[in-house]
Each structure stands twice: as structure tokens, then as C-alpha cells.
Amino acid sequence: MSVQVEQLEGNKAKMTIEVAADKVTKALDQAYRKNKNRIAVPGFRKGKAPRKFLEKYYGNDLFYGDAVDILIDEAYPEAYDEVDLDIVSRPEVDVEQIEEGKPFIFTAEVELKPPVTLGEYKGIEVKWVDREVTEADIDEEVERERATNGRIVTVDEPAKEGDTVDIDYEGFTDGKAFDGGKAEGHKLILGSHSFIDTFEDQLVGKSAGDEVDVNVTFPDEYHAPDLAGKPALFKVKVNGVERRELPEVDDDYVQEISEFDTVEEYRDDLKERLTKRKNDAARREQEDEALEKLADASEVEISKGMLELQTNNMINEYANQVMGNGIGFSQYMQMTGMTVDKLRAQMEPDAMQRTKVSLCLEEIAKQENIEVTDEDVDKKITEMAERYQMNAEEMKKDMPEGELASFKEQIRMEKAIDIVMDNIKEIKE
């Protein structure tokens, strides 16, 4: 195989790829074997007619289409590895010659990584973010965990906000019951605002056994058009009132829910966790701001192919997230009224920004001569293995070569981000 490269305008190149004639014959034979059982010829059982006879009967180019696909699928990756080009798009392929006994010749036009003129990446000004953990923050976290560890008890007292009431109800408009307005044994948290208008407010102060007339008005944009904007009466019976009983925060409680012996040790640990959480959140916030400013201050032309590739990747990521929640992507799109075109239009601005930031970070890595060592890889894999409770050596051994290369590039980009973030200037407003 031979490859010739022609540089084109607009960060593009055209590869002319020539494949030996004997591989053309092999590809035609492979195409014949793939299709022979689907082709009928008088006088032969399906799959028994020789290739030459089929070509004579249906035309010499009968198997050219599949043979071209076979040859390109094999030759293009080899050509990609052979040429010294930063290719950032799928190839636009054009077949120039396909004939048995002659070399196969095709061209592949590709987009190349564009040059980047970096803005100043050291000393980027970002907003100061408060990282202090106060006693009030710790108290709030104590109460959050206290609520999590509370138990639900039935109380013989009037309901108050935050309580759960067990109710039977039936709704009426214009004196008539309406569809979907009746339920028994429904659990409703007062203050959750899960029911319309002031429905929940009118149950505050009611006790088990009370029967209440609840008057409400449906919203003007209610999902059921026949109820939208209408006043309604709900006849409600309160079956019971449940309340979350919170434990007292003392040493016994701390020993029960944690690895610590005293409230003081427990609060110290909460402070440490909250400090890390605030620092991580501040880093993410400032990193987003710094990288956005870096991209805005740099000059780089994003091609249509690069934007399309990044947008497709983001759509695939989004689809995987949706399916990870147990919903088919097509089903989700139908439920939300979304289309791929609409989704693409929504994601393109973010895809443009991601692509620009990525190219800027690559240029920083190049200018700073950033290298990724085996120690860097081992450290990162160890961190991942601990996070997912896996064996680090097995994780590294099972990582395909292509994935390992991508993993190293990710580390390289993280090092470039560290250079930016180590040199930011925090500005208090």
C-alpha cells in the first residue's frame, strides 16, 4: 500500500491511497462469499454459482460495492497510522479506481487539527470563592444526618408542616366527581407542595379521624384541560398522622451511626468532610471560569467536522446517561418531545466551547513540554481502583492499548489544567 498526502487550504489534507491488485481480488472473493447465498441464477442452487459466472450474468461490477467497503475498512486505518497528520474528522472518501487486476485507488479528504494562538494562561483572574466552614455549616450537616437517622412514628396529635398524613380523598367540580380525583390511603407530606394550591395548608392542624372540606383552584395551565382554572372541593378524611422522630445528638448516637466515640470527634470529622466538599466545589467553579476565559482569549478556528464529532460524542454520552436510568433513549426522546436535531442544536454551543478548551489545553501541554510518566499512570489507576473497589494491577492489565493511550492523554490534559489553576489570581468583588 502507498499513501500520498496533499495539503489543502482550511486545515485540510487529501490522502491518495493505493492498494495492491492482489488485495482487490481477495476483497472481491470475500464479497462473493458474503453475498452468494442471496443471489439466484437459473440452473444453479443458491450459493453454488461461481463468482465469474455471477459477474458475467449480472455484470462485472456486481461485487464492487462490498469489495470497496472491505478494502477501505482495511486500508484507511493503516494509512491513518502511517501519515504524520493530526486528523480530527471522519474522512470524505472518493473511489478513483476499482477493477480486478489493477490497484485499488481512493482518496480520503480529512480535516486537520487547527493551529492555536494561546491567550495568556498564567495569571487568569477568577472570582474569589468562600471556602470557610462555619459552626453553622456543621450544625446544618448534623441536622441533615440526624433527619436521615430519624424514625417514623404515628402520633396522636394535630398534623404540622413536615408531618406525613394518611388520607382518603375525592375531588368534585361543579358538584360532580371528576376522573382521577379519588384515592385511599394516600401518604402526603405537608409542605412538600406536591398537591395543588393550598391543599396541604388546609390539613395543617388536623388529627386522625377528622373529615375536612378542602377548597382549591386548579392552575390555569393544568395538564387536564377540563380542570384547568376551575375551583374544586376535595372531601378529605385523615386516617393518621406520622412524624419523623429525631434522635438526640449525644455520644451514644454518635457511636451508633459513626466510627467515632464522642460528639466532638464526630463534628471534627464533619468539618473535615465539609472543608473538602467546599474546596472541591470552589475548584470546579474557578476552573470552569478560568478555562472559559482561556478559550475566549485564544484564537482557534473550529471546523465543521470537529464540531460535529464533539457534538456526536456529547449526544452519545447523554444517551448513555438516559439508558443508565433504565429508559430507552428513543422512548425518552418520544416522552420529552425531543428530536436528535433539536438536541444537536442545544448541544452545539457547549460542544464548540469544549473543543476550543481542549485545543487550548493541548497547546499548553505542548508549550510546557508536559510528559506523562508510568508513575503518573499508576497513581491515577490506583485512585480509580480505590474509588470503584477494584484491583489496580488487574485494571491496568485489562485496559486495551487504545484506552491506555486515551487515559494518558487525559492525564496530560489534567496537568495542563493544573498549570492554569496554579497560576490563577483570585479577585474579591
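When Val24 is tested against the conditions (1) touching a residue at least 60 places away in the same chain (Cβ under 8 Å); (2) hydrophobic (A, V, I, L, M, F, W, C); (3) touching an Asp or Glu at 6+ places or on another chain (Cβ under 8 Å); (4) not in a helix (DSSP H, G or I), the lone failure is (4). Here the strands (runs of 3 or more DSSP E) wholly within the stretch 152-235 that include at least 1 residues being in contact with a Gly (Cβ under 9 Å, 6 or more places away or on another chain), open to solvent by less than 50 Å² (accessible area, probe 1.4 Å) and charged (D, E, K, R) are 164-173.
Looking only at residues of the stretch 85-132 that are under 24 Å from Val420 (Cα atoms), in a strand (DSSP E or B) and not hydrophobic (A, V, I, L, M, F, W, C), we find that the one that is least open to solvent (accessible area, probe 1.4 Å) is Thr117. If you go through the stretch 65-75 and keep only what is open to solvent by less than 50 Å² (accessible area, probe 1.4 Å) and under 17 Å from Ile17 (Cα atoms), you end up with Ala67, Val68, Ile70, Leu71, Ile72, Ala75. The residues of the stretch 31-47 that are in contact (Cβ under 8 Å) with a residue 12 or more places away in the chain and surrounded by fewer than 17 Cβ atoms within 10 Å (Cβ to Cβ), listed by number, are Lys34, Asn35, Ile39, Val41. Of the helices (runs of 4 or more DSSP H) lying entirely inside the stretch 330-414, those containing at least 1 residues that are closer than 25 Å to Asp288 by Cβ and modelled with pLDDT under 90 are 374-387.
Set side by side, the residues Arg267, Arg243 differ, and just one is open to solvent by less than 50 Å² (accessible area, probe 1.4 Å) and basic (Lys, Arg), which is Arg243. If you filter the stretch 308-329 down to residues that are of a type in the set (Gly, Ala, Ser) and in a helix (DSSP H, G or I), you find that the one that is farthest from Thr355 (Cα to Cα) is Gly324. Scanning the stretch 284-307 for residues that are under 14 Å from Gly10 (Cβ atoms), open to solvent by 90 Å² or more (accessible area, probe 1.4 Å) and assigned to a helix (DSSP H, G or I) gives a single hit, Lys304. Within the stretch 245-277, being part of a helix (DSSP H, G or I) and within 30 Å of Glu161 (Cβ to Cβ) holds for Asp252, Tyr253, Val254, Glu256, Ile257, Val263, Tyr266, Arg267, Leu270, Arg273, Leu274, Arg277. With the structure loaded, tell me whether Ile424 is open to solvent by less than 100 Å² (accessible area, probe 1.4 Å), in contact with a strand residue (DSSP E or B) (Cβ under 7 Å, 6 or more places away or on another chain) and not polar (S, T, N, Q) or whether it fails that test. The answer is yes for Ile424.
The values are calculated or read from the model by the stated rules, or taken from the named source; none is laboratory data. Computed from a predicted structure; not experimentally measured. Virtual Cβ from ideal backbone geometry, glycine too; neighbours counted across all protein chains shown. Accessible surface is based on the protein model in full, side chains and every heavy atom, while ligands, DNA and RNA are left aside. Shrake-Rupley method; radii C 1.70, N 1.55, O 1.52, S 1.80 Å.
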